[in-house]
Amino acid sequence: MAAGCAMATNSLHPGQAEIRTEQVRSLGQILVDGRGRTLYLFVADLPNQSNCNGACAAIWPPATTQGPPTAGGAAQRSQITTIARSQGPRQLVYAGHPLYYYQADTGRGDTLGQALTQFGAEWYAVSPQGQQVESGVSGGSLVPGW
């Protein structure tokens, strides 16, 4: 099962990653990958440390890169780093938040994982300032990530 998780993670981001921004209805400007897929933070993570492994990583695959990540739009290159994972390529981190995809998001602009509580904590899209984006307010409202 662990091998399947690694394959799912790698298939989402097989090479060098790009973090950029897009305007998404009801959330405002958020971080996405080079294909426009929403990137999420996990409230249970400590700065620069992922707490999502095993079953969690199967539902919330880590956003990974096999080379130096790039920035586009309002994403700030200075806020992008990576952390090692036990399997597979390095995980992308933005402003200290490890980044993830939600497996039910299948296309550009999908935000089905927004504000879900799974694996003991909430999941949120990320603003270009590195904060969690709260939904439910017209245009999106920014709330500090920790």
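Readers should treat all values here as calculations from the given coordinates under stated rules, not as data from a laboratory. This is a predicted model, so every value here is computed, not measured. All Cβ positions, glycine included, derive from the backbone under ideal geometry; neighbour counts span all protein chains shown.
Apart from one condition, GLN66 fits all of (1) out of contact with any Pro (no Cβ under 6 Å at 6 or more places or on another chain); (2) more than 17 Å from VAL126 (Cα to Cα); (3) not hydrophobic (A, V, I, L, M, F, W, C); the exception is (1). Screening the candidates ALA17, ALA63 for the property of being within 13 Å of the chain's Cα centre (by Cα), closer than 14 Å to GLN87 by Cα and surrounded by 15 or more Cβ atoms within 10 Å (Cβ to Cβ) yields one hit, ALA63.
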